[in-house]
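Reading through the structure tokens given below for one structure.
The values are calculated or read from the model by the stated rules, or taken from the named source; none is laboratory data. What you see is a predicted model; the values in this text were computed from it and never measured. So basically every Cβ, Gly included, is an ideal-geometry build from the backbone, and we count neighbours across all protein chains shown. For accessibility, only protein heavy atoms count, side chains too; no ligands or nucleic acids. Shrake-Rupley method; radii C 1.70, N 1.55, O 1.52, S 1.80 Å.
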Amino acid sequence: MRPGFGTAAAGGPVAAWGGPGVAGRVRAVLAPGRGAGREPAADRVLRAFGLVIGLAGTIAALLELPEIVLQHRGIPLLWSVLTVSVAFGMLPVLAGVSLLAGPRSIRPVAGAAALGYLAAMVLLLAYLPPIAAAPGPVWAYRLMAIGVLAAALAWHPLLAGGYLVLAVALPGASLYFLLGDTSPAQALDAFARDATLCLLVLWCVVYARRAGARVDRETMRSSELAAAVAGAAARERERARFAALIHDAVLSTLLDASRTAGQAPVLRDQAQRALDQLDETRIVESQPAILDADSVAGFLRSAVREVSRSVEFTVRQRESGATLRMPWHAAGTVAAALTEATRNSLRHAGVPGRTVRHTVTVTVDADGLRVVVRDDGAGFDLHAVPSDRLGVSVSILGRMRQLPGGAGSVDSAPGAGTTVTLRWAGHGEDGDARAGR
């Protein structure tokens, strides 16, 4: 996506939409408050504008159809149908794509709609005299704001501004040079009026898209801050607990030992209890920190960004009545495996002569999460990996196997890229989750 708007990269918005199909997408567009947090704000703005522009342009074309027929009387039917189809044909497609497809499909379709409308304005020049002689303004010149809206949705503001200037200048220039019945003053006046209207609609779309991207950036910062605060609180709690254990058990045992001559059963029992308590701190956390979905997403995103900011990071949160509750140590294990998988992808997936795409997709619901690290690079033969190479078997899959509820898999082939999948099922940590409630 162009600079200034949201992306799915590691430094981009918090989440990409993972709603439950068409019904969820319709709800998110028509009632954005209900879909908040499911799709990045920049993508919701893009989707809403695509739907509105597509539907409004299609309705405008139907309303203008009688006048189009009137102005094209005596014009070859095939040429007329071609011109109208080029002008409006992509608008219903834009509305459909905005509802049914992903955000990445909206901008190319909007760009095609903008170019189609401009092409129709140029096609009109072949028969402009009889069309302009008909009653009313030329239909394509009256609806040029539709093309400008589509251009604002599709391209960077500077490029959309260039489109605006060209589209607004074309009517006056064509009437002045081809018909000769328009004075320079009239052409400039028409240019100023049309440019003002089109500039207003261009500004509205650009401002809304930038506002959505700004909301996404602030949401991302909030998620990262929440994850950092949760992690700091967990570490501080463990430090305090360990310090209390050292003071109350270890130091008191050593002090009693220095004051007691010979062996004492009470001292021996006290030392054993101190050793048992130290083992408990090493084996398990008695009160693990519990992270919610946003905190887990921010934590995993931070892990990826520490490796490289060039990796695309996407989060999908499935709609559910319950929320994710993930122990801190489980999130740390997944993050460590994710970091190793991302580092391996960046290190080994390179292909000479082309850019390799690296993506991380995190899917979160109340039952757990799934992390997919994917690249379209060189790939490798899993069976040809030497047994002493521990990056995949120990640092990634081994970590996930040791995590209760965790699992991992690697899918790769030479020339076909690599996909690493990490899974964590929440029921594997039920006891810890209850302990942290």
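A compact table of results
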read-out	value
Failed criterion for R25 (all others in (1) modelled with pLDDT of 85 or more; (2) open to solvent by 40 Å² or more (accessible area, probe 1.4 Å) hold)	(1)
Residue in segment 74-85 that is assigned to a helix (DSSP H, G or I) and at pLDDT below 90 present	no
Options A140, A145, A185; residue that is farther than 23 Å from L91 by Cα and small (G, A, S)	A185
So A169, is it hydrophobic (A, V, I, L, M, F, W, C), within 13 Å of D194 (Cα to Cα) and surrounded by fewer than 23 Cβ atoms within 10 Å (Cβ to Cβ)	yes
Qualifying residue in segment 359-366 (condition: modelled with pLDDT under 80 and either of a type outside the set (F, W, Y) or farther than 14 Å from V296 by Cβ (or both))	yes
Which listed residue, of L118, L125, is surrounded by 15 or more Cβ atoms within 10 Å (Cβ to Cβ) and assigned to a helix (DSSP H, G or I)	L118
The one condition in (1) of a type outside the set (F, W, Y); (2) open to solvent by 20 Å² or more (accessible area, probe 1.4 Å); (3) touching a residue at least 12 places away in the same chain (Cβ under 8 Å) that A337 fails to fulfil	(2)
Options L159, L149, L188: the member that is in a helix (DSSP H, G or I) and over 30 Å from V45 (Cα atoms)	L188
Those residues of segment 367-385 which are open to solvent by less than 30 Å² (accessible area, probe 1.4 Å) and either farther than 20 Å from A335 by Cβ or modelled with pLDDT of 90 or more (or both), in sequence order	L369, V371, V372, V373, D375, G377, G379
Pairs where the first residue, in segment 191-207, is in contact (Cβ under 8 Å) with a residue 24 or more places away in the chain and the second is part of a helix (DSSP H, G or I) and open to solvent by 30 Å² or more (accessible area, probe 1.4 Å), C-beta under 8 Å, 6+ apart	A195/V165; V201/L149; L202/L149; V205/F49; V205/L149
